[in-house]
Amino acid sequence: MAELLKVHGSMNQFFILDQDELASPLTDDQLTKLAIQLCDENNHILGGADGLLVVDHGTHTGVRGRMQVVNADGSRASMCGNGLRTVSRYLSEKYGKDDFVVQTRDVDLHVRRQPELAPGIPAFAVEISPVSFTPESLPYANLGHQRLLETAVPELAPQLKFTALSIPNPHLISFVSQDILDGPTLGQLGQFLNGDNPYFPDGVNVNFAHIDGENQLFVQTFERGVGFTNACGTGMSATSLAFVLTHPEDGHFDTPINVFNPGGMVKTIVHHDRQRYWVELIGNATVTAKLTVGDSMLQSDQLTATDFKIDQTNEQDYYDQFVKTVVSQRHQ
């Protein structure tokens, strides 16, 4: 029998599958089909998810394990910050380690267990890097600039300024008023830039942020390959970096930043050392259910909830209480 976990980081929802625990690992095509089926809310498998996180032992020494990210539409992401926290918890509990390195598609990243965010809410800090501001790293073209750093880009939206960077996922960031944040612009821009367009040929994650005060943000993300999500870990990290670079009166290096999102809150710490930027992302790693299924069913084209034995945990109750506290804290 195969076991999967339903997990979330800031309500960014995933399934975790450990390939090392299977009699026969799934092929890339099989993982794509599995992710699409698991994540489709119409299949009624615990409400679907934003992606499938595939874990194995890694391809080189010095790492505790490897994480691969399969988006809800079957596409691949180079990294996922919220997902990395949940994978870090899984590997920590599997191997009994609290400080180690995880291999991702492009880079090995340091992770470590943190004190609980609140009672019943395990937390991890994960490294988010590397950072690049070059148009080739996203990529983008036809915008009239070799670097976007709080830059007016009339091709994208009137009266807004944008920052573009990869971390390593590609992100476009704009600091906006509450009215713009609540309006349709983010959805319209996200859909346009993740369809056939002349500016971002591979698509891009689009983040709108509201500055709530010193070292405090609210971030909403339209995620490439997913759409609107409750939170995006690399998006909150990229936005935090853009915050301290372009609004130094409010955002500070080497200082915890409270980043609120529709799924709760994380903390980020932006670092610059030896001409290198990197971000610590600190937040919950919540397991909501354990699912058991026959190994052969993972290759089925017609998975439904009835194919699984599902055991719910009580961790979501603790997280819901945390979110109530977070919402109250943001509006104080």
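Of note:
- Residue list for the stretch 133-151, filter: surrounded by fewer than 15 Cβ atoms within 10 Å (Cβ to Cβ) and either more than 18 Å from Phe243 (Cβ to Cβ) or modelled with pLDDT under 95 (or both): Thr134, Glu136, Ala141, Asn142, Gly144, His145, Gln146
- So Ser166, is it over 16 Å from Asn261 (Cβ atoms), of a type in the set (Gly, Ala, Ser) and over 18 Å from the mean Cα position of the chain (by Cα): no
- Verdict on Thr86 being hydroxyl-bearing (Ser, Thr, Tyr) and assigned to a loop (DSSP other than H, G, I, E, B): no
- The set of residues from the stretch 44-62 being in a loop (DSSP other than H, G, I, E, B) and either touching a helix residue (DSSP H, G or I) at 6+ places or on another chain (Cβ under 9 Å) or at pLDDT below 95 (or both) comprises His44, Ile45, Leu46, Gly47, Gly48, Ala49, Asp50, His57.
- Among the candidates Asp50, Asp73, residue that is more than 16 Å from Leu17 (Cα to Cα) and in the same structural domain as Asn12 (by TED's automatic domain parsing): Asp73
- Considering residues of the stretch 207-266 that are acidic (Asp, Glu) and not in a strand (DSSP E or B) only, the residue surrounded by the fewest Cβ atoms within 10 Å (Cβ to Cβ): Glu249
- Here is the figure for the stretch 275-321: residues that are within 25 Å of the chain's Cα centre (by Cα), surrounded by 14 or more Cβ atoms within 10 Å (Cβ to Cβ) and in a helix (DSSP H, G or I) total 6.
- Cβ-Cβ contacts under 6 Å between residues 6 or more apart (or on different chains), taken from a first residue in the stretch 281-295 that is touching a residue at least 60 places away in the same chain (Cβ under 8 Å) to a second residue that is among the charged types (D, E, K, R) and assigned to a strand (DSSP E or B), are listed as Ile282/Lys267; Thr288/Lys6; Ala289/Lys6; Lys290/Asp311; Thr292/Glu3; Thr292/Lys309.
- Residues that are among the small types (Gly, Ala, Ser) and touching a residue at least 40 places away in the same chain (Cβ under 8 Å) within the stretch 301-332 comprise just one, Ala305.
- Any chance Ser92 is surrounded by fewer than 22 Cβ atoms within 10 Å (Cβ to Cβ), modelled with pLDDT of 95 or more, hydroxyl-bearing (Ser, Thr, Tyr) and out of contact with any Lys or Arg (no Cβ under 7 Å at 6 or more places or on another chain): no
The values are calculated or read from the model by the stated rules, or taken from the named source; none is laboratory data. Treat the numbers as computed from the prediction; the structure is a model and nothing was measured. Virtual Cβ from ideal backbone geometry, glycine too; neighbours counted across all protein chains shown.
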